[in-house]
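Colleague: Shown below is the structure under consideration.
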Amino acid sequence: MQLQDVANGYLAWAVPESKGDTVVSRDPDADRPRFGQVAADKLSPGADYISGVRSTGDGWRTVIVDRAANEEVELAMPAYREWYVMQWIGDDRFTAMGYDAEDYEGAAGDAPELLTCDIAAGDAPELLTCDIAAAACTVVGQTSGGYIIHPDGQDYW
């Protein structure tokens, strides 16, 4: 078992024999519920939502999944080539980073060195706050550089 996150008594782990499935349960021996083709990154504090990436066949895309319904949450968000959950700031609110530079040649699961950004040309990622109850994300600023470090120490670019 590869543990991804723990929140509110729930464990999220990658299913070794699958191609990206995640199990989220209070029982460490469970094999259900299984979230197909979702590589979990973070659970919301109450474990009501899962953030991660889902296989699209030719790459990956970021998703938020309602754990109880096992359905993807639709959010009104600016049209980015890629966006990433940075940190949960409540059970249905999170911060995110959106990136839409034309020279991006990767996908959410690709190595950071594939990403280039020209800050002078305005390609810097935008910072957002997202509210699941409102089904919307709001741009709150733009990064001053192309290298972002998560509060949990994970880095991008």
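Taken together, the values in this text are just the output of simple stated rules run on the coordinates, not laboratory data. Worth saying up front: this structure is predicted, and the values here are computed from it rather than measured. So basically every Cβ, Gly included, is an ideal-geometry build from the backbone, and we count neighbours across all protein chains shown.
Colleague: I need the peptides 125-136, 46-57 ranked by packing, meaning the mean over residues of other C-beta atoms within 10 angstrom, with the highest value on top.
Modeller: Values: 125-136: 17.2, 46-57: 19.0.
For the peptides 125-136, 46-57, the packing ranking is 46-57, 125-136.
Colleague: Further question: How charged is the neighbourhood of Gln37? Take every other residue with its Cβ under 12 Å from the Cβ of Gln37, and add Lys/Arg as +1 and Asp/Glu as -1. Each step should come with its number before you reach the end.
Modeller: Numbers: positive: Lys19, Arg34, Arg54, Arg61; negative: Asp21, Glu72.
Local charge sum for Gln37: +2.
Colleague: Let me ask something else. Count charges around Gly98 for me, please; just the other residues with Cβ under 10 Å from its Cβ, Lys/Arg as +1, Asp/Glu as -1.
Modeller: So the environment of Gly98 carries a net charge of -2.
Colleague: When a/c reaches 1.5 or more, the comparison of a/b and b/c decides; with that in mind, is the stretch 1-79 rounded, prolate or oblate per its Cα gyration tensor? Intermediate results must be reported in sequence, preceding the final value.
Modeller: On the way: a/c = 2.07, a/b = 1.27, b/c = 1.62.
Verdict is oblate for the stretch 1-79.
Colleague: I've got another one for you. Could you tell me which residue out of Ile89, Trp13, Gly59 lies farthest along the dipole of the stretch 1-93 toward its positive end? Charges go on the beta carbon: Lys and Arg +1, Asp and Glu -1, centred on the Cα centre.
Modeller: Most positive-ward Cα: Gly59.
Colleague: Please report the net charge: other residues with Cβ closer than 13 Å to the Cβ of Pro78, K and R +1, D and E -1. If you can, show how the numbers build up before the last one.
Modeller: Values: positive: Arg81; negative: Glu82, Asp100, Glu126.
Computed value for this residue: -2.
Colleague: Would you grab the residues whose amide H sits under 5 Å from the one on Arg67? Only those 5+ places off in sequence or on another chain, please, with H modelled 1.01 Å from N.
Modeller: Tyr49, Ile50
Colleague: Give me Met77, Met86 ranked fewest to most by other Cβ atoms within 10 Å of their Cβ, as a rough exposure proxy.
Modeller: Working: Met77 17, Met86 23.
Ranking Met77, Met86 by Cβ neighbours within 10 Å, fewest first, gives Met77, Met86.
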